[in-house]
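> Following this message is one structure expressed as structure tokens.
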Amino acid sequence: MLKTIVNYTVLLGFVISAAVNFYSCGDTETIIKNIVTNEVTAKERLQSAIDQAHNDYGDSTNLVMIFGKNVRPNGKTELSALSTITSPDSVGAWLYVFKSPSDTSLRVYTPNPLPTAGNCIELTAFFNINSLIGLIQDTSAQNIVAGALNVILNSNISISTSLNLLVDSPVSLDYANNTNPVIKFDENFLPDTSSLNGSTFFSSGTNQSRNMFLIPAAGTLNLPSFITELTGFPADMWIVNYRKTNSFSETENLVLGTVVEGSQVMGIPSLGLSSRVINISKYVSE
């Protein structure tokens, strides 16, 4: 038994080493699909990423985005060598994206794959924005991230919510899964309530998956300025992109935005509505 454990440890070390060495010849998407990591929430390695970014690039380097690919139902990402081989599209990973106000370059970190590690690995030299956007399933969600990155690259906007107040990915996912009612807007941007949350959306369908990303929403989300009835819209926002295959073998997506602090609530005063979640999918009919 001991020999088996030792052999497994050696094999795991070899796989991890190979994954790290692979960084030198891959783009962002390939790296994510070949890295080996343990299961973590978004915040578990965030402080490490912040510390490393400051050490590497200076204290003025700010967090501008967190991206989670294939987030599990518990709000964590997990990747194993087996899932990489059998189903690369199911691989999950967190990316922590930073920028300095002095230039337009992005610095990117991801959790160290060692099961006992508490630090992150830098992917800056191999980061490709188009590869990141290509990992996002829904077109509207892609547009949100692409628009946010474009604003971030050309401004000094960043995540302003303090780390101690920022709710972790499991909390945000719980908001998106279970909040009812959700705020929605129709094609004329008239506000209303909706019972369509993540749990309702995933009550049917196959090939279900979730992406999450944290963005400086107030400065990057292109919500029309004439939606004046929406109150409490946060400076930063967690976005959850749900995807499934329906009974007609069609792909369906749902994109929800949640507040990032436990005390935050959005509202539509004229409807007497308050909610931690807003549906930002285009023209919601439910």
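The values are calculated or read from the model by the stated rules, or taken from the named source; none is laboratory data. Keep in mind the model is a prediction, meaning the values are calculated, not measured. Neighbour counts run over all protein chains shown; Cβ positions are idealised from the backbone, glycine included.
> Quick check on segment 212-231: of everything there that is among the polar types (S, T, N, Q) and either exposed (fewer than 12 other Cβ atoms within 10 Å of the Cβ) or farther than 12 Å from residue 257 by Cβ (or both), which residue is modelled with the lowest pLDDT? Lay out the reasoning, then the answer.
Restricting attention to segment 212-231, the residues satisfying the condition of being among the polar types (S, T, N, Q) are 220, 222, 225, 228, 231.
So of that shortlist, the ones also either exposed (fewer than 12 other Cβ atoms within 10 Å of the Cβ) or farther than 12 Å from residue 257 by Cβ (or both) come out as 222, 225, 228, 231.
Numbers: 222: 61, 225: 65, 228: 76, 231: 90.
Step by step, filter segment 212-231, then rank; the result is 222.
> Taking segment 87-142 on its own, how many of its residues are farther than 25 Å from residue 168 by Cβ, modelled with pLDDT of 75 or more and exposed (fewer than 15 other Cβ atoms within 10 Å of the Cβ)?
6
> Still on this structure, I have one more. Can you confirm whether segment 208-227 contains a residue that is in contact with a Leu (Cβ under 7 Å, 6 or more places away or on another chain) and polar (S, T, N, Q)?
Within segment 208-227, none of the residues are in contact with a Leu (Cβ under 7 Å, 6 or more places away or on another chain) and polar (S, T, N, Q).
> Within segment 237-282, restricting attention to residues that are of a type in the set (D, E, K, R) and under 17 Å from residue 212 (Cβ atoms), which residue is surrounded by the fewest Cβ atoms within 10 Å (Cβ to Cβ)? Walk me through it before giving the result.
Quick first cut of segment 237-282, residues of a type in the set (D, E, K, R) only: 243-244, 250, 252, 261, 276, 282.
Next cut, under 17 Å from residue 212 (Cβ atoms) only: 243-244, 261, 276.
On the way: 243: 22, 244: 20, 261: 16, 276: 26.
If we take residues in segment 237-282 being of a type in the set (D, E, K, R) and under 17 Å from residue 212 (Cβ atoms), then 261 is surrounded by the fewest Cβ atoms within 10 Å (Cβ to Cβ).
> With the structure loaded, tell me whether residue 173 is surrounded by fewer than 17 Cβ atoms within 10 Å (Cβ to Cβ) and touching a Gly at 6+ places or on another chain (Cβ under 9 Å) or whether it fails that test. Outline the logic, then answer.
Working: surrounded by fewer than 17 Cβ atoms within 10 Å (Cβ to Cβ): no; touching a Gly at 6+ places or on another chain (Cβ under 9 Å): yes.
The answer is no for residue 173.
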